[in-house]
Amino acid sequence: KQEVTQIPAALSVPEGENLVLNCSFTDSAIYNLQWFRQDPGKGLTSLLLIQSSQREQTSGRLNASLDKSSGRSTLYIAASQPGDSATYLCAVSSQGGSEKLVFGKGTKLTVNP
Amino acid sequence: AAGVIQSPRHLIKEKRETATLKCYPIPRHDTVYWYQQGPGQDPQFLISFYEKMQSDKGSIPDRFSAQQFSDYHSELNMSSLELGDSALYFCASSRRGPETQYFGPGTRLLVL
């Protein structure tokens with residue numbers, strides 16, 4: 001059974017700092033890995049999708065990497081802004097079934113002005 | 001760009017009542033997923049459909065049922081509601097395969 005862990009559970013940084021969020025998964029037989037952002041009480045916004053054959057994806061100030069063999073992914077946020085404050089969720093879809101997502105519990109990020 | 005539409009956005013029900021949640025996927029997306037997110041929890045997969053057929057089932061109670069219609073919209077029917085069913089219910093859609101899943105805004109269900 002796939003399990004996804006995110007560290008740290010919460011992170012508080014000053015504005016402008018670069019930061020890294022970590023995600024690990026137990027079963028390396030994945031289709032892809034997605035990073036999401038969720039604001040309190042709101043929906044999930046897809047940030048980046050990394051296919052199992054890829055090593056990284058970039059979108060603006062965000063860069064996600066994937067090391068499938070070690071079961072790890074990182075989300076790098078450059079020059080953080082107060083508007084980046086949210087919960088960031090990592091989710092993986094596994095091979096051998098539907099493309100359902102298994103989520104980690106998220107990292108709650110606070111960027112202080 | 002069109003997004004996933006869910007209705008209603010908010011729903012208040014009494015215990016033992018029934019509820020129907022609706023999901024309209026992004027045009028040309030053939031796969032729909034339902035997830036449940038309890039307070040302070042991560043989203044949990046309930047059920048998915050591909051081309052109107054159930055493709056996978058997760059931790060969905062027997063009191064819940066779902067289907068996908070010919071126009072690809074999906075409905076989640078929940079009966080004999082319990083207090084523990086209070087949660088955010090998300091629908092997501094994608095094209096078949098390891099593609100990005102796009103989530104709707106969710107339906108917040110409160111069972112009193």
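What follows is calculated from the coordinates using simple rules that are stated; it is not laboratory data. Note that the structure is a prediction, hence the values are computed from the model and not measured. We place every Cβ from the backbone using ideal geometry, glycine too, and count neighbours over all the protein chains shown.
With the charge dipole of chain A set up from +1 on Lys and Arg Cβ and -1 on Asp and Glu Cβ about the Cα centre, the Cα lying farthest toward the positive end among the listed residues A:60, A:47, A:93 is that of A:93. Extents of segment B:71-110, taken as max minus min of Cα coordinates on every principal axis and listed largest first, are 35, 19, 15 Å. In a fully extended conformation the segment linking residue A:58 and residue A:29 would gain 8.2 nm over its present Cα-Cα distance, using 0.36 nm per residue. Using every pair of distinct Cα positions in segment B:1-111, the Kirkwood expression returns a hydrodynamic radius of 13.8 angstrom. Within a straight-line Cα-Cα reach of under 22 Å, residue B:52 can be paired with the following lysines, leaving aside sequence neighbours fewer than 8 residues apart in one chain: A:100, B:22. If you wrap the tightest convex hull around every Cα atom of segment A:50-99 and split its volume per residue, you get 96 Å³.
Using Cβ counts within 10 Å as a stand-in for footprinting exposure, how do B:29, B:10 rank, fewest first?
Going from sparsest to densest Cβ surroundings: B:10, B:29.
For a straight C-alpha distance cut-off of 13 angstrom, the aspartates and glutamates reachable from residue A:105 (same-chain residues fewer than eight places away being disregarded) are A:3, B:42.
Going from the fewest other Cβ atoms within 10 Å to the most, the residues B:26, A:7 appear in the order A:7, B:26. Quick one: Debye curve from the alpha-carbon atoms of segment A:1-45 only, equal weights, vacuum; give me log10 I(q)/I(0) at q = 0.16, 0.17, 0.21, 0.30 Å⁻¹ to two decimals. Computed log10 I(q)/I(0) values: -0.63, -0.71, -0.97, -1.19. Look at the stretch B:61-72: the mean tally of other chain Cβ atoms within 10 Å of its residues' Cβ atoms is 0. For the listed peptides B:73-79, A:17-23, a ranking on the average number of other beta carbons within 10 Å per residue, highest first, reads B:73-79, A:17-23. The magnitude of the dipole of segment A:4-97, with charges of +1 and -1 set on the Cβ of Lys/Arg and Asp/Glu and taken from the Cα centre, is near 180 debye.
Summing charges over all other residues whose Cβ lies under 14 Å from the Cβ of residue B:3, with Lys and Arg as +1 and Asp and Glu as -1, gives +3. Look at the stretch A:38-45: the mean tally of other chain Cβ atoms within 10 Å of its residues' Cβ atoms is 5. Here chain A is treated as an ellipsoid with the same Cα gyration tensor; its semi-axes, largest first and in whole Å, are 24, 14, 12. Using a cut-off of 28 Å between Cα atoms, the listed pairs A:42/A:68; A:1/A:68; A:42/B:57; A:1/B:13; A:108/B:13 include A:42/A:68; A:1/B:13; A:108/B:13 as exceeding that distance. With viscosity 0.692 mPa s and temperature 37 °C, the Kirkwood radius over alpha carbon pairs of the protein assembly as shown converts through Stokes-Einstein to a diffusion coefficient of 183 µm²/s.
Work through the residues other than residue B:81 whose Cβ is under 10 Å from its Cβ and net out their charges, Lys, Arg +1 and Asp, Glu -1.
Details: positive: B:13, B:15, B:16, B:63; negative: B:14, B:17, B:82, B:85.
Here the charged neighbours net out to 0.
Between residue A:3 and residue A:51, the C-beta separation translates, for a Förster distance of 22 Å, into a calculated FRET efficiency of about 0.55.
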